[in-house]
Ligand code: PMP
């Protein structure tokens, strides 16, 4: 604690190392990274950008990348905003779009960064509990709102809402920005991007960290109509910041353009998810239906903390949340087939 700190800093928790351990032989299934490497074309594009390119500042508006994203999703590059990971895109949205006299709504159980950003940027918020089946119930959002944010599929449950439900939410709240965080959508969800043309209040946020295997490069983007994108640009420009460095912009562009690699790797992840789900169910686990690159599962006879602890003793890390309603669940990232086999072998010893 320091008397020099502003009051807000006292409310913030410093990063606690532990989520990203690097140990030989560790099976790391706790942060939803993709188990497969990025496209070889990404590595080639980054290599081509090193050397003399690094002497030069990057393009301040990442036009090549925004053009590639626009071509992929059938929108104009001016309707694409890019940032250093979707976390940065989210931060800009909290600052530029969600701070209203009416509150921001988001589910109570969702991505844990949302309340952190609310604290940091002074965004008043109201949480909306998941229903009994641990799903987002769109009807529960019928209340005063300046903005709404939800991940689809939700995190950490992995459950996805059908596009028709997302459209209902967006159309029922014409005066609120509705942000759909589609970090995991490529593993079986339905993207709301095609709705952007019809709804000026819809912002869809994506990341290259999961389905494009680029968590280490830090690239995310948002798609929306011009007034929403312009708000994000104004926040960014007032920091006088570059959205992406040259390596990230080059690598991300190559990743977006390699549809074959994308389809092959996400297909493998989805097939492994189906296998892992049936193996866990055979061991007595209750597994929520997942449209993400992880599963959310509990065992009726074992506490979540106990399972996570015993897996850790066997050098396997999964995510456990010490939070009411979900304290008995484990969030398990889909790994390679070998990693999934090591996980199920360990769990057979434990349960
Ligand atoms: N949204 C959700 C729902 C997430 O789970 C994550 C990753 N943990 C992010 C956004 C942020 O991803 P990134 O900053 O790597 O793009």
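Bear in mind these aren't lab numbers, they're just calculated from the coordinates by the rules spelled out. None of these values were measured; they are calculated from a predicted model. Reconstructed Cβ throughout: ideal geometry from the backbone, glycine too, with neighbour counts over all protein chains shown.
Taking every DSSP beta bridge with both residues inside the chain, roughly what % is antiparallel (nearest 5)?
Values: 19 of 38 bridges.
So the antiparallel bridges amount to about 50 percent of the total.
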> Highest GNM mean-square fluctuation, the chain, Cα pairs closer than 10 Å: which of 220, 335, 188?
Replying inline: 188
> Arranged by the count of other C-beta atoms within 10 angstrom, fewest first, what order do 320, 100 take?
Replying inline: 100, 320
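How high is the relative contact order of the chain, in percent, counting Cα pairs under 8 Å that sit 6 or more residues apart?
Working: 642 pairs, mean separation 82.9, N = 351.
For the chain, the relative contact order is 24 percent.
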>> Quick check on region 128-282: what are the equivalent-ellipsoid semi-axes from the Cα gyration tensor, as sqrt(5λ), descending, whole Å?
In response: 26, 25, 13
>> Quick check on the chain: helices-only [θ] at 222 nm, where DSSP H runs of length 4 and up contribute -39,500 (n - 2.57) each and the sum goes over total residues. Nearest 500, please.
In response: -11500 deg cm²/dmol
> Sorted by mean Cβ packing within 10 Å, highest first, what order do the peptides 56-69, 146-159 take?
Replying inline: 146-159, 56-69
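Based on the Cβ-Cβ distance from residue 57 to residue 239, what FRET efficiency comes out when R0 is 22 Å, to the nearest 0.05?
Working: r = 15 Å, r/R0 = 0.70.
Here the calculated transfer efficiency is 0.90.
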> What shape does region 86-194 take by its C-alpha gyration tensor, where a ≥ b ≥ c are the square roots of the eigenvalues and a/c under 1.5 counts as rounded, a/b above b/c as prolate, and the rest as oblate?
Replying inline: rounded
> residue 24 versus residue 72, label points 7 Å from Cα toward the beta carbon: distance in nm?
Replying inline: 3.6
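What number does region 224-337 give for Rg over Rh if you use C-alpha atoms and the Kirkwood radius?
Working: Rg = 19.9 Å, Rh = 17.6 Å.
Rounded to two decimals, Rg over Rh is 1.13.
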>> Could you work out the pair-distance distribution P(r) of region 182-256 from its alpha-carbon pairs, with 10 angstrom bin width and percents rounded to whole numbers?
In response: 17, 42, 37, 4
>> Given bins 20 angstrom wide, list per bin the percent of all Cα-Cα distances in the chain, short to long.
In response: 29, 59, 12
> Quick one: of the DSSP bridges fully inside region 150-236, what percent are antiparallel, nearest 5?
Replying inline: 45
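Going by the alpha-carbon gyration tensor, a ≥ b ≥ c the square roots of its eigenvalues, is region 1-109 rounded (a/c under 1.5) or, if a/c is not under 1.5, prolate (a/b greater than b/c) versus oblate?
Numbers: a/c = 1.66, a/b = 1.22, b/c = 1.37.
Oblate is the answer for region 1-109, as a/c is 1.5 or above yet b/c matches or exceeds a/b.
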>> Restricted to Cα positions, what overall size does region 63-120 have along the principal axes? Three whole-Å values, descending.
In response: 35, 23, 18
